[in-house]
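> One structure coming up, written as structure tokens, with questions to follow.
The values are calculated or read from the model by the stated rules, or taken from the named source; none is laboratory data. Keep in mind that what you see is a predicted model, and the values were worked out from it rather than measured. Note that we place each Cβ from the backbone using ideal geometry, even for glycine, and neighbour counts take in every protein chain shown.
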Amino acid sequence: MSWLARLCAGACIVATSSLSPLHAQTYPDKPIRVIVSIAAGSVTDVIVRAAAKDLEAKLGQPLVIENRGGAAGILAGQACAQSAGDGYTLCVIYHSTMSYNPVQFDKLPYDAEKDFVPVTRLFFLTEGLFVNADVPAKNVAELKALAQAKPAGLNFATLGNASFPDLFRVWLNNQWGTKIVGVPYKGGGPAAQALAANEVQLTRFGVGNFRGAMDAGKVRMIAIAADQRSKQFPDVPTLKEAGLDYPGQGWWGLAAPKGTPAPVVEKVNAAFVAVFSDPKFAEFLDKQLVVPAATGPADFAKFLKEDRKAAEDLVRTANTPKQEYKSQ
């Protein structure tokens with residue numbers, strides 16, 4: 001390399017390295033796109049939109065929410081991975097995106113470890129096992145008997161093949177010797193509508209998606225995925241109490257595309273942690289039956305590694321073979 005080329009290369013490095021602090025000082029100076037890996041109307045979408053006003057006040061720019069539901073979060077993960085790492089795309093991700101998809105699919109259109117910068121975990125889901133009100137099963141034991149009497153007669157709402165709800169369905173079939181059929185939807189909201197309309201007969205999703213259908217008497221929760229019974233639903237047993245000792249808990253968090261400068265990540269993290277830690281917003285989250293769990297970027301990165309290991313163990317227990325992802 002000539003001395004001129006070395007000089008230019010050095011100047012480029014200096015110029016590039018000086019961009020991050022300056023970028024962080026002026027960031028953000030235009031609207032920020034937020035990709036949400038679930039359909040509009042689902043409980044996570046409702047929560048993100050509710051938080052947007054306070055987040056905009058802290059960041060000083062509007063948040064443009066873009067829903068990319070379907071395919072167990074793969075479509076949203078791909079969109080995020082292909083976006084510029086400049087801080088103007090943020091990605092609301094969850095357990096399927098980062099933990100389950102990588103251990104269940106070959107040829108994903110994103111790399112969960114390399115294509116994202118962890119920003120913060122946001123909350124844990126409180127999930128429930130739901131049936132349509134016309135299903136003649138008032139508890140898990142009766143549902144098991146019904147499923148075994150009609151091995152292929154029940155449909156289960158999922159987020160797509162090999163998604164977390166679908167993994168639970170497969171696990172149930174393995175445990176019960178049944179053939180419950182998975183039907184994909186783009187989010188908890190559409191799944192709740194399908195269950196209320198009896199398009200499907202059972203499912204497992206975040207409880208907040210089903211409050212309206214439960215209040216209308218169209219859907220019944222027969223178990224709750226929690227360490228102890230909910231104060232809001234004291235008569236509903238936990239999955240473990242109902243005889244379904246199924247590990248794993250759903251969560252949602254925030255990431256940015258690779259290359260996003262650390263000072264920008266810290267600024268975004270501070271805004272989200274402040275909002276999701278606010279006592280008034282925590283009250284709102286409690287009504288949605290989710291548990292706030294905001295973290296720093298490093299703690300979230302550590303959590304992601306641990307959660308992916310737990311996903312590997314669960315997939316092994318469910319005995320589901322890895323499959324090739326085919327774009328939709």
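> Name the pairs: first residue in the stretch 57-73 and under 17 Å from A270 (Cα atoms), second residue of a type in the set (D, E, K, R), Cβ to Cβ under 6 Å, at least 6 apart or on different chains?
If the second residue must be of a type in the set (D, E, K, R), the pairs left are P62/E56; L63/E56.
> Restricting to the stretch 281-304, and then to whatever is small (G, A, S) and touching a Lys or Arg at 6+ places or on another chain (Cβ under 9 Å), can you tell me which residue is farthest from R229 (Cα to Cα)? Walk me through how you get there before you give the answer.
First, the residues of the stretch 281-304 that are small (G, A, S): 282, 293-294, 296, 298, 301.
Subset that is touching a Lys or Arg at 6+ places or on another chain (Cβ under 9 Å): 293-294.
On the way: A293: 19, A294: 23 Å.
Looking at the filtered set, the residue picked out is A294.
> Moving on. How many of the residues making up the stretch 238-279 are touching a Pro at 6+ places or on another chain (Cβ under 6 Å) and under 23 Å from Y100 (Cα atoms)? Write out each step before concluding.
If we filter the stretch 238-279 for residues that are touching a Pro at 6+ places or on another chain (Cβ under 6 Å), which is where we start, we get 255, 265, 269, 276.
From what is left, the residues that are under 23 Å from Y100 (Cα atoms) are 255.
Matching residues across the stretch 238-279 total 1.
> Over 28 Å from S83 (Cα atoms) and either crowded, with 20+ Cβ neighbours inside 10 Å or not assigned by TED's automatic domain parsing to the domain that holds L90 (or both): is that true of L289 in this structure? Spell out how you get there, then give the answer.
Working: over 28 Å from S83 (Cα atoms): yes; either crowded, with 20+ Cβ neighbours inside 10 Å or not assigned by TED's automatic domain parsing to the domain that holds L90 (or both): yes.
Yes.
> On to the next question. For the stretch 48-75, which residues satisfy the criterion of being closer than 18 Å to F164 by Cβ and in contact with a helix residue (DSSP H, G or I) (Cβ under 7 Å, 6 or more places away or on another chain)?
R68, A72, G73, I74
> Does D313 satisfy the criteria of being over 18 Å from the mean Cα position of the chain (by Cα), modelled with pLDDT under 95 and among the charged types (D, E, K, R)? Before you say what the answer is, go through the steps one by one.
Details: over 18 Å from the mean Cα position of the chain (by Cα): yes; modelled with pLDDT under 95: yes; among the charged types (D, E, K, R): yes.
Judged against the criteria, D313 is a match.
> Identify the residue in the stretch 65-85 that is part of a loop (DSSP other than H, G, I, E, B) and touching a Pro at 6+ places or on another chain (Cβ under 6 Å) and, among all such residues, is surrounded by the fewest Cβ atoms within 10 Å (Cβ to Cβ). Break it down into steps so the answer makes sense when it comes.
Initial filter on the stretch 65-85 (part of a loop (DSSP other than H, G, I, E, B)): 68-70, 82-85.
This time we only want the ones that are touching a Pro at 6+ places or on another chain (Cβ under 6 Å), so: 83, 85.
On the way: S83: 20, G85: 18.
Per the stated criteria, the residue is G85.
> From the set of residues in the stretch 249-281 that are at pLDDT 95 or above and farther than 25 Å from P28 by Cβ, which is farthest from the chain's Cα centre (by Cα)? Can you show your working first?
We begin by selecting, within the stretch 249-281, every residue at pLDDT 95 or above; these are 251-281.
Now narrow it down to the ones that are farther than 25 Å from P28 by Cβ: 251, 279.
Numbers: W251: 6, P279: 23 Å.
Checking each candidate, the answer is P279.
> Moving on. Report yes if A196 is closer than 17 Å to V140 by Cβ, surrounded by 20 or more Cβ atoms within 10 Å (Cβ to Cβ) and among the aliphatic types (A, V, I, L, M), otherwise no. Give the steps one after another, and end with the answer.
Numbers: closer than 17 Å to V140 by Cβ: no; surrounded by 20 or more Cβ atoms within 10 Å (Cβ to Cβ): yes; among the aliphatic types (A, V, I, L, M): yes.
So A196 does not fit the description; no.
> So, of the residues in the stretch 212-232 that are in contact (Cβ under 8 Å) with a residue 40 or more places away in the chain, out of contact with any Lys or Arg (no Cβ under 8 Å at 6 or more places or on another chain) and not small (G, A, S), which turns out to be farthest from A157 (Cα to Cα)?
Within the stretch 212-232, the match that is farthest from A157 (Cα to Cα) is Q232.
> Tell me which strands (runs of 3 or more DSSP E) are completely within the stretch 91-191 and hold 1 or more residues being buried (at least 24 other Cβ atoms within 10 Å of the Cβ) and modelled with pLDDT of 95 or more, or say none if there are none. Reasoning before the result, please.
Working: elements: 116-125, 127-132, 155-158, 181-184.
The strands (runs of 3 or more DSSP E) meeting that bar are 116-125, 127-132, 155-158.
> Further question on the same structure: Restricting attention to the stretch 211-227, does a residue exist that is within 28 Å of D313 (Cα to Cα), in a helix (DSSP H, G or I) and either in the same structural domain as V34 (by TED's automatic domain parsing) or in contact with an Asp or Glu (Cβ under 9 Å, 6 or more places away or on another chain) (or both)? Walk me through it before giving the result.
Of the residues in the stretch 211-227, the ones within 28 Å of D313 (Cα to Cα) are 221-227.
If we keep only those that are in a helix (DSSP H, G or I) as well, we get none.
For the stretch 211-227, residues within 28 Å of D313 (Cα to Cα), in a helix (DSSP H, G or I) and either in the same structural domain as V34 (by TED's automatic domain parsing) or in contact with an Asp or Glu (Cβ under 9 Å, 6 or more places away or on another chain) (or both): absent.
> What about S277, is it of a type in the set (S, T, N, Q), assigned by TED's automatic domain parsing to the domain that holds K305 and surrounded by fewer than 18 Cβ atoms within 10 Å (Cβ to Cβ)? Show your work before the answer.
Numbers: of a type in the set (S, T, N, Q): yes; assigned by TED's automatic domain parsing to the domain that holds K305: yes; surrounded by fewer than 18 Cβ atoms within 10 Å (Cβ to Cβ): yes.
Judged against the criteria, S277 is a match.
> Is there any pair with a first residue in the stretch 167-184 that is over 11 Å from T320 (Cβ atoms) and a second that is part of a loop (DSSP other than H, G, I, E, B) whose Cβ atoms are under 6 Å apart and which are 6 or more apart or on different chains, and what are they?
That search, which allows pairs on different chains as well, returns T178/P151; K179/P151; K179/A152; I180/L154; V183/V200; P184/G160.
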